[in-house]
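Below: one structure, written as structure tokens.
The values are calculated or read from the model by the stated rules, or taken from the named source; none is laboratory data. Remember, predicted model here, so these are calculated numbers, not experimental data. With ideal geometry, Cβ positions are generated from the backbone for all residues, glycine too; neighbour counts draw on all protein chains shown.
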Amino acid sequence: MVFSDKERKERRRKYWREYYKKNTKKISEKNRKYRIANPEKEREKQRKWAKKNPEKIRERKRRYHATEKGRETNRIYTEKWRKKNPERWREIDKKSRHKNYERNLEKQRKSYQDDPERHRAYARESSRKRRLENPEKIRQQARDWYHENLEKERKRSKKYREKNPEKTRIRHRKYYESESGREYINKWRADNPETIKAYGRKYRKKNPRATTEITQLYRRSHRVCEWSSCDRDSAEVHHILPQFKYPEYMDGDYHGRIGNNLICYCLFHHHAWHYAYATNRNNKKHKKLLSFMWNKVKRWANDNKIPIEDLEIELELMFIKKHTTKK
Ligand SMILES: [Zn+2]
């Protein structure tokens, strides 16, 4: 019997199939041993197969990554890859964030609504860290932001001042008493003479007679402070019945007598008189005057080399005496 090539091939295949069916276990065991003995060859074979069957490979991977174990493997792999390729990773991340901007924003919003306290704590912590790491940069950023958002900043600071008047007063006082604060005021005064004049006009309109001819005349004839046992030069003419309460006696004449509503005090005793009013009667109008007058006293003390502490003590003693006799 003579077979053609084709027939011979067919017969061999058939024989092989039958042999395989009968000896499946034996063959697969043999194959397994071979693979272990020849890892290089096995790998080469797999590579070739993969190159030939990309679709199948993809499908396998997809199925594997859908399992719990696959996800974990993928996570570890991704982490390693990112560490190895930081530049590339940053690029991809940036692109993806840009692409999913809206979605991410929505996610963030939701997460914030779910637990705002956690977000706030995180923000506080990270801002604290940044400030510690690079204080100068943060300061510069704040300055830049301030200059770019002047309008906003003005509104914010106005709101704060309205909410915290006491703190604001303290802060302002501290500043104006400081070296740089005084310098700033003096410069501002020199640069804005018109505004200063306008303030003066406004003040005199509200408080007529600041220095009228009558008070000037009175002062010229009363050169020494009229506070009992004070012999300092008089400096200011004072209305015994306060002008804001009794404007009708502003010109100094009371009940038909001339100049009897006026009295001349040195700066210190003029202040002391208003201090007494403000303290004992808790009078707001007098209180308002006090810091203005005390500043004048300070300047005068400074010019005359009188220690301001002595005046402070004198002021305290004056009122201690008064308080103790009251009891
Ligand atoms: Zn005096």
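Summary table
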| read-out | value |
| --- | --- |
| Check on H269, at pLDDT 85 or above and either within 21 Å of L217 (Cβ to Cβ) or β-branched (V, I, T) (or both) | yes |
| Among residues of the range 250-309, those that are assigned to a strand (DSSP E or B) and of a type outside the set (V, I, T), counted | 5 |
| Leading residue by the ranking (farthest from K205 (Cα to Cα)) among those in the range 248-270 that are more than 13 Å from the ligand (Cβ to nearest atom) and in contact (Cβ under 8 Å) with a residue 24 or more places away in the chain | G259 |
| Some residue of the range 188-206 being of a type in the set (G, A, S) and in a loop (DSSP other than H, G, I, E, B) | no |
| Residue in the range 219-234 that is away from the ligand (no atom under 16 Å from the Cβ), out of contact with any Phe, Trp or Tyr (no Cβ under 8 Å at 6 or more places or on another chain) and assigned to a helix (DSSP H, G or I) present | yes |
